[in-house]
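The values are calculated or read from the model by the stated rules, or taken from the named source; none is laboratory data. Bear in mind that the values here come from a model prediction, so they are computed numbers and not experimental data. For neighbour counting, all protein chains shown are included, and Cβ atoms are generated from backbone atoms with ideal geometry for every residue, glycine included. We work out accessible area using only protein heavy atoms, side chains counted, and drop any ligands, DNA or RNA first. Shrake-Rupley method; radii C 1.70, N 1.55, O 1.52, S 1.80 Å.
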Amino acid sequence: MPSSAELWRRHIRAYLLVLAVFTLALWTELLLNRTVGRFTFVAFAPAVAIAAWAGGSVPALLAVGLSVAASDYLLLGPGQFFRFDSAAETAALAAFAGGWIAVAMLAGAAARRIEGEADARRAAERAALQAHRLAQTTAALGQVRTSADAIEAVKKYFSSKIPRAVAMYLL
């Protein structure tokens, strides 16, 4: 399992990526709005998808929220929050938000499942390594005929666990 510092760094990287991708998407949407003359969600959709892929559900939900707020305030009704000129604008914004919230939730569930599988894999690898060491020690002790052989078998076992200098000191 990753350390808390590593988790903290991973979350910070995910949120910084969300802000960077959102900023690029907003710039692209403003540029498209200026050149095409109408608003599309063409740049915000990949920004939310990248946020979901990189960080899971919470960063993706942040990207959806930022995208909806920026779309409403800067593109649909410039300078106004939640004042729409037509029902089509309302429906488009609601469909964008609803669809990408669903994607964010699914991405979060997938990320949690993948992380759980990785944790289980790491635990299984540790258990297999321990079982292998135990089998080696059992095999070595099974061939012991004298006390000197027993000491050698114990030294062999502990040499894989602790540094040689400490093992030699203890024996």
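Span-like helix check, the chain: qualifying full DSSP H segments, with Cα axial length of 15 Å or more and mean Kyte-Doolittle of 0.5 or more, are 4-36, 44-55, 57-70.
Using a Gaussian network model of the chain in which every pair of alpha carbons under 10 angstrom is joined by a spring, one finds that among 135, 45, 102 the greatest mean-square fluctuation is at 135.
In nm², what is the average projected area of the convex hull enclosing the Cα atoms of the chain?
Across all orientations, the chain yields a mean hull projection of 14.1 nm².
Projecting label points 7 angstrom from Cα along Cα→Cβ for residue 122 and residue 34 puts them 4.7 nm apart.
Using the 1.4 Å probe convention, the accessible area of the chain works out to 66 Å² per residue with neighbouring protein chains retained. What a 1.4 Å probe finds exposed on the chain is 68% carbon and sulfur by accessible area, rounded to a whole percent.
May I ask you to give the average projected area over all directions of the convex hull of the Cα atoms of segment 1-77, in nm² rounded to one decimal?
4.9 nm²
How charged is the neighbourhood of residue 141? Take every other residue with its Cβ under 13 Å from the Cβ of residue 141, and add Lys/Arg as +1 and Asp/Glu as -1. Once positives and negatives cancel, what remains is +2. Taking 7 Å steps out from each Cα toward its Cβ at residue 87 and residue 8 produces label points 5.2 nm apart.
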